[in-house]
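Please read the structure below before turning to the comments.
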Amino acid sequence: MKLVLIGCPGAGKGTQAKKLSKHYGIAHISTGDLLREQMKQGTELGKKVSEIMNAGGLVSDEIVSAMLAERIKADDCKNGYILDGYPRNVSQAEGLDAITGPLDKVVCIDVDDNIIVDRMTGRRGCPKCGSMYHIKYNPPKQDGVCDACGEALIQRKDDNEETVSKRIQVYLDETKPLADYYSKVGIIADIDGQQSIDKVFNDIVSALESK
Ligand code: ADP
Ligand code: ZN
C-alpha cells in the first residue's frame with residue numbers, strides 16, 4: 001500500500017502516520033525527519049537545508065526527491081509506505097509517480113488554522129525514538145519524559161508561534177492546490193482532523209478500506 005498524507009503543519013500527519021505504519025506494517029517516511037537527520041549529522045546537504053528550514057521555508061524539489069528515491073529502496077518499504085510531508089506542491093506531485101508508481105490513496109487531514117497554532121506550540125518529540133506528544137492533548141505520563149524510552153522530550157526549533165504562522169501561510173499557498181490536484185486524480189480521502197486522535201485514525205482506516 002502506498003499512501004500520502006497531506007494537511008497543514010500540525011494537522012496530525014505524523015501522529016496518524018505512526019499509527020498507520022504499525023497497523024498496516026508499512027514504512028513511515030517523513031521527509032522532514034529525513035532532512036532533520038541530515039542536519040543533525042552535519043552533512044553537506046544538512047548544512048544547506050538547515051538555514052532554509054529554520055526560517056520555515058521549503059527545501060528544493062531536487063534535493064527532496066533524490067533523498068526520497070533513495071529511502072524507498074530500503075527493506076522496510078517492501079510492503080509499502082506512507083509519505084508524510086511529501087509532496088508539498090503540485091510540481092512535486094507530478095514528479096512523484098515516476099519515483100513511486102501509482103499511489104493507492106491520498107489522505108487529506110483538515111484542521112482549522114486557529115487550532116493549529118495551539119497544537120504546534122504544544123508539540124514535543126522524543127529525539128531518541130521519534131514518539132510524539134502534546135503537552136495538553138497527548139501528554140506523556142511523566143512531564144517532559146518519553147513514555148516509550150525514557151529520553152527527555154524536546155521542542156522543535158521551528159515550532160514557535162512566529163514560524164508556525166509562516167508555515168501555515170506556505171501551506172495555504174503551495175500545498176492546498178495539492179488537494180485539488182489529487183481530487184482530480186480521484187484518489188483523495190478527506191478526513192476531519194478536529195476529532196480525537198483515535199477517532200481520526202478510525203476514519204482514515206475506514207476510508208482506506210472502503211475503496
Ligand atoms: P503534523 O505531522 O501534521 O505536523 P503532528 O502529528 O506532529 O502534526 O501533530 C501536531 C501536534 O498536535 C502534536 O503535538 C500532536 O500530539 C497533536 N495532535 C495530533 N493529532 C491530534 C488530535 N487529533 N487532537 C489533538 N492533538 C493532536
Ligand atoms: Zn522515546
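Every residue, every condition in (1) over 27 Å from residue 204 (Cβ atoms); (2) within 16 Å of ligand 2 (Cβ to nearest atom), yes or no:
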site	(1), (2)
23	no, no
29	no, no
36	no, yes
46	yes, no
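Residue by residue, here is whether (1) part of a loop (DSSP other than H, G, I, E, B); (2) more than 23 Å from residue 32 (Cα to Cα); (3) at pLDDT 90 or above; (4) not β-branched (Val, Ile, Thr) holds:
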{"position": "108", "(1), (2), (3), (4)": "no, no, yes, yes"}
{"position": "156", "(1), (2), (3), (4)": "yes, no, yes, yes"}
{"position": "167", "(1), (2), (3), (4)": "no, no, no, yes"}
{"position": "183", "(1), (2), (3), (4)": "no, yes, yes, yes"}
Exercise for review: Would you please name the residue that is most open to solvent (accessible area, probe 1.4 Å), looking only at residues in the stretch 72-116 that are within 17 Å of residue 174 (Cβ to Cβ) and among the small types (Gly, Ala, Ser)?
Suggested key: 91
Practice item. With the condition kept exactly as written, say whether any residue in the stretch 163-171 is within 18 Å of the chain's Cα centre (by Cα), loosely packed, with under 15 Cβ neighbours inside 10 Å and without any contact (Cβ under 8 Å) to a residue 24 or more places away in the chain. Key: yes
Revision key, fill the gap. Residue 176 vs (1) open to solvent by less than 60 Å² (accessible area, probe 1.4 Å); (2) away from ligand 1 (no atom under 12 Å from the Cβ); (3) basic (Lys, Arg): all pass except (1)
**Study point:** Cβ-Cβ under 7 Å pairs, at least 6 apart or on other chains, the stretch 80-92 side of a type in the set (A, V, I, L, M), far side not in a strand (DSSP E or B)
**Key:** 82/17; 82/20; 82/21; 82/26; 90/177; 90/178; 90/181
Exercise for review: Out of the residues in the stretch 49-61 that are part of a helix (DSSP H, G or I), at pLDDT below 85 and of a type outside the set (A, V, I, L, M, F, W, C), state the one that is surrounded by the most Cβ atoms within 10 Å (Cβ to Cβ).
Suggested key: 61
Review point. Among the candidates 189, 207, which residue alone is at pLDDT 90 or above, surrounded by 15 or more Cβ atoms within 10 Å (Cβ to Cβ), away from ligand 2 (no atom under 16 Å from the Cβ) and over 17 Å from the mean Cα position of the chain (by Cα)?
Key: 207
**Study point:** Scope the stretch 20-42; condition open to solvent by 40 Å² or more (accessible area, probe 1.4 Å) and among the polar types (S, T, N, Q); matching residues
**Key:** 38, 41
Revision key, fill the gap. By residue number, the members of the stretch 110-153 that are among the charged types (D, E, K, R), within 16 Å of ligand 2 (Cβ to nearest atom) and over 21 Å from residue 6 (Cβ atoms) are 124, 128, 141, 143, 147, 151
Revision key, fill the gap. Selection from the stretch 102-131 of residues within 11 Å of ligand 1 (Cβ to nearest atom) and among the polar types (S, T, N, Q) yields 121, 131
Exercise for review: Kindly list the number of the only condition in (1) modelled with pLDDT under 95; (2) on the phi < 0 side of the Ramachandran plot that fails for residue 28.
Suggested key: (1)
Exercise for review: State whether the residues of the stretch 135-153 include one that is hydroxyl-bearing (Ser, Thr, Tyr), within 11 Å of ligand 1 (Cβ to nearest atom) and at pLDDT below 95.
Suggested key: yes
**Study point:** Hits in the stretch 132-151 - residues which are open to solvent by less than 60 Å² (accessible area, probe 1.4 Å) and touching a Pro at 6+ places or on another chain (Cβ under 8 Å)
**Key:** 133, 146
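The values are calculated or read from the model by the stated rules, or taken from the named source; none is laboratory data. Computed from a prediction, not measured in an experiment: that's the story for all the values here. FYI the Cβ positions are ideal-geometry reconstructions off the backbone, even for glycines, and counts take in every protein chain you see. Areas reflect the complete protein model, heavy atoms only, side chains present, ligands, DNA and RNA absent. Shrake-Rupley method; radii C 1.70, N 1.55, O 1.52, S 1.80 Å.
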